[in-house]
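The values are calculated or read from the model by the stated rules, or taken from the named source; none is laboratory data. All values reported here derive from a predicted model rather than from experimental measurement. Neighbour counts run over all protein chains shown; Cβ positions are idealised from the backbone, glycine included.
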Amino acid sequence: MSLDNFRKRTIVWDTVNKDFPQPIQVMQGDVNARTLSVKIIDNGGEVDLTGHSLKLTYQYTNSSNSGFVMIPPENLTKGEFLLVIPTEMTKPGVIEANLILLNEYEEQVIVSKNLTFISDNSTVTALAQEVNNKIDDFTKLLLENMPQVLRSELNDLHAQTDSNKSNIELKANLADMTSLQSAMTELKNEVEALGISPENLVTIKSLLVAIASNASESEVVELINSVKALTSNVSLMSNGDYSPKANQTDLESLQHTVNNQSATISTKAEQAEIIQARGGQSSLDARLDGLDAKDTDLQNKINTIFSEVSDIRIGFDGKTYATAGDAVRKQFLGINEKLTKITKPDGNKLVYSKYGGNNLINKNDLIAGYYINSSGVMTQSEPWYATDYIDVSDHVYLNLQRGVGSSSWYDSGKNFISSFTPNGPVSVPVGAKYIRSSILNIFINTAYIVDGQRNVEGPNADLNGYPLMTKRPYRDGFQKFTVRVNKSKPVNTTANDRNYEGGTFEDVDCHLYMPSNFYSPFGKPCKLLMLCHGAGKGAIGWQSVPSYVAMIKAFSSNGYFVFDCNGFSNDALGCSFWGDQRGLTAWRKAYQYVTDHYNVEEEFSVYAFSMGGLTALNLAFQNLPNIKSIALGSPVINLEAAFHATDGTQNVIKVLYGMGDAWDAKKAQGSNPYANLLDIGGTDVVVKPLAPIKIWYGSTETNNTGNPAVEKNYAKRFVDAINNGGGTAQYREVDGGVHSLSYGANPNVTNEIITYLNRFSWGGE
């Protein structure tokens, strides 16, 4: 036989339903010599594949080694391709591969098929060399003298094989034994039918070498795969070169010998028994008969275990899962899904826990580097992830949001129905059982597909007729919401028993800004930042200041969900409330609103600038819970100093607090953070426990704004007093800095603030 024929392998791929022989043997040293010829046909007939290409992707099962090879065409009009095995595929191991037929111009996948390569370095130990020599002799007899193979030569092979049993110490488990025995049975049947080829002799050598060289568990797996490869390759022997058949008795004897080698995997032959076996053929046969009995008993036990494992695979609903592990895991997930659904104390509104799972997208099933094209075909594309087939048979409407792209419907047989680009809720088409969707890689933590069924009535429905969910979805840009605030001042009087504590209520405007790449109504909650704005305008009005907007977007891009409020009213007085208690109410309510309606952490950070320093510090001194850290930019800390301003601030404070021309500390009780500085033995001390605080001030901010409250020295004294009282506070002065650094005019300072806040956030992110 020629060397070319020895190294060449041809497979025929019928695109309808035919399989081709597997696996394919590759030997180290075959580079640029062994070739794989692929002929693609359609239902048995030739097909013109002009305008198409063929690609092979591969992955070693025992390592991270992987890659792809474009298979050059040999004759496209006849669907013929020729691959020269590359060096990268000759490293020892089992290789799982895919043949992919593509439309060359549109790069669309037409069809693909799995196949397996086995690469072997064919190295043997000195101990195994004797066995190989005997195999060579046996091969020569089979090829030159068949069917008259001498019985004495076979007996000699028996004796030689048995003499090496003392070196066998395989650690195979029951499953490995079963697989090996089954593969050998298949091998016997194929050999009896077709004969033996040189390619198969290579595999036989590898098999016996593995048995004779103290194989490890991983080698047992390779041994089984080698036997399976031999079984597949036997089908190539029908070309007439080796039509003579071995004597049936001889073949059974060879099978018996290899089976006994397998039996010693779990029961090592004792040295005394081996010596006895060397005494003659009759002693060897007796020993082999004994091992056969043990193998039969072992097989019965394996069958019992297999029966029990098969029973475990059947779920409570009668569904049979692929493995026992899948049966346990997937049934548990179903139970967990139901357990995450809870009912609010009012017993009406159906909601889902914060970490619950009515998101139909399973991140563990996403396929990286692919998207679902308009034909419903999974196509390679680096920025995308493709979902697996998602069962939607229980849904009438779906809501697809937060990065879900091109999607397709499929019937119960996973046949393509139609495609669409999501834009909110969609109806599940009649006959559709599955959906597959594309997700940009930056949105894999936020994308979701949920039940969007309309026409839900009563307390379980929102205003648009959709079922209530715990948390609201992502919305781009500034989102306005309102909180109802009593803007009337509390009344103190002893005049009579009438109710003086009435109220005038107003729906105060607030806004929020969500981080696009971090927020999702499901899964991990988002970091939360409370923002307290400066005087002159409310939160909505500050949106007209570019640096303020840029600052919020910087917070957002670093994963923070940001919210701010106007004050206790939407008018000028309510927005510039200078620490008044009515204004603090709005932030308390806004915090509650945000944590109730959005998937955010309950613990939060605070950033306040200018007048907002009064808001943040008053809330902290009054024990607003869950504050992780406080950052302050050029903050007003001393309300009394602000009262003496010449820029009109005094008149505003007079109205807010009901003061005359003189400062009245009693009327500002609880609203002046600076009043918390106590003189203890000549040392300023803040004894109230506070969250960690850091203050930024520009070096130029010293009574230069017409408002003595914007004064860096107050900040220095305040920080020292906190530290003297055992708290944690820092002061940072920016050389040449001006007041606008506090509301985003200096990006470097903004980044410093973010870095500080991150110290106290989840994972320091």
note = Listed by range, strands (runs of 3 or more DSSP E) wholly within segment 36-114 having at least 1 residues that are free of Cβ contacts under 8 Å to residues at least 40 places away in the same chain and touching a strand residue (DSSP E or B) at 6+ places or on another chain (Cβ under 7 Å) are 52-60, 66-71, 73-75, 93-103
ask   = Filter segment 453-498 for residues that are buried (at least 19 other Cβ atoms within 10 Å of the Cβ) and touching a Ser or Thr at 6+ places or on another chain (Cβ under 9 Å); which is modelled with the lowest pLDDT?
value = 470
task = Count, please, the residues in segment 717-747 that happen to be within 16 Å of residue 631 (Cβ to Cβ), part of a loop (DSSP other than H, G, I, E, B) and β-branched (Val, Ile, Thr).
result = 1
query = Looking at residue 507, is it acidic (Asp, Glu) and farther than 17 Å from residue 597 by Cβ?
reply = no
task = Looking for whichever is within 44 Å of the chain's Cα centre (by Cα) and either over 26 Å from residue 556 (Cα atoms) or at pLDDT below 95 (or both) here; the options are 681, 670, 736, 763. Which one fits?
result = 763
Selection within segment 578-601 - under 16 Å from residue 514 (Cβ atoms), among the charged types (D, E, K, R) and in a loop (DSSP other than H, G, I, E, B) = 601
ask   = Do we have residue 714 as assigned to a strand (DSSP E or B) and of a type in the set (Ser, Thr, Tyr) here?
value = no
message = Quick check on my filter: what residues within segment 633-648 are small (Gly, Ala, Ser) and at pLDDT 95 or above?
response = 633, 634
key: Subset of segment 375-410 that is part of a loop (DSSP other than H, G, I, E, B), in contact (Cβ under 8 Å) with a residue 12 or more places away in the chain and over 18 Å from the mean Cα position of the chain (by Cα) - its residue that is surrounded by the fewest Cβ atoms within 10 Å (Cβ to Cβ)   = 393
